[in-house]
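We did not get these values from a lab; they are worked out from the coordinates using the rules stated. Only a predicted model underlies this, so the values are computations on that prediction, with no experimental measurement involved. Methodologically, a virtual Cβ is constructed for each residue, glycine included, from the backbone with ideal geometry; neighbour enumeration extends over all protein chains shown.
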Amino acid sequence: RKEVEQDPGPFNVPEGATVAFNCTYSNSASQSFFWYRQDCRKEPKLLMSVYSSGNEDGRFTAQLNRASQYISLLIRDSKLSDSATYLCVVNEPGGFKTIFGAGTRLFVKA
Amino acid sequence: SQTIHQWPATLVQPVGSPLSLECTVEGTSNPNLYWYRQAAGRGLQLLFYSVGIGQISSEVPQNLSASRPQDRQFILSSKKLLLSDSGFYLCAWSGNVGEFGYTFGSGTRLTVV
């Protein structure tokens, strides 16, 4: 089993749609969780941290389920500019071993 | 504010040639520094991390090496490049234990020919 698994997609959605990505992780001792966004041929950029109680940032909502070891990202009212690859990231205890998922590609079409 | 600089942006090198990629961070002290590689269509692979000057931890055995000669400088090197070294190399920094995530440099796209 991979340490961090994501559905590679691609997800093709129309503008205005709601889309959700899931990510599972294998180490139950993992401590912190993030979603990053990576545009084509660019560096990943931090989108949001994922907190145990769930958190929201505008159109983006992140959830963490420690019991089932998965995190999710919900994007509401998708924009063309949301087209990118979304990386699930898990920090293991100690903070130095950070595992990146391979990413989920999203295409938002007019 | 903190910024991270990485250069060059692109590099084409022949097999067997040496490599030196440099990364510098501004606006913070004693950052944790990382080198990642991303092969085409793949996830990020941690190559090296450093918690301080002269302190390097290697995650993957290979023909690459890293050095941290100054607090905010991180260098990735190779004496002889292989075709399999091609990829997108990313430098990143974080705070103490990465609890606030990483900030990446703009990356170097290396093609070994």
Inset, instruction - Work out the charge dipole of segment A:52-110 with +1 on the Cβ of Lys and Arg and -1 on the Cβ of Asp and Glu about the Cα centre, then indicate which of A:A62, A:L106, A:P93 is farthest towards its positive end. - result: A:L106
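Given the pairs A:K2/B:K79; A:K2/A:K109; A:K2/A:K42; A:K45/A:K97, which span a C-alpha to C-alpha distance of over 21 angstrom in this model?
A:K2/B:K79; A:K2/A:K109; A:K2/A:K42
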Legend entry - Equivalent ellipsoid semi-axes - Cα gyration tensor, segment A:18-73, angstrom: 20, 14, 10
Legend entry - Most mobile listed residue (B:L76, B:L21, B:L44) in chain B, GNM with C-alpha springs under 10 Å: B:L44
Legend entry - Coarse-grained scattering of the protein assembly as shown at q = 0.07, 0.09 Å⁻¹, given as base-10 log I(q)/I(0) from a Debye sum over alpha-carbon atoms: -0.22, -0.37
Legend entry - Cysteines in the protein assembly as shown lacking a second Cys C-beta under 4.7 Å: A:C40
Inset, instruction - Can you tell me the dipole magnitude for chain B around its Cα centre, using point charges on the Cβ only (Lys, Arg +1; Asp, Glu -1), in Debye to the nearest 20? - result: 300 debye
Legend entry - Inter-probe distance in nm under a simple model that places probes 7 Å from Cα toward Cβ, at B:V60 and A:R41: 2.2 nm
Inset, instruction - Would you mind working out the magnitude of the charge dipole of segment A:1-58 relative to its Cα centre, with +1 at each Lys and Arg C-beta and -1 at each Asp and Glu C-beta, to the nearest 20 Debye? - result: 220 debye
Legend entry - Residue-span extension gain [A:A20 to A:A110] - 0.36 nm each, minus C-alpha spacing: 30.5 nm
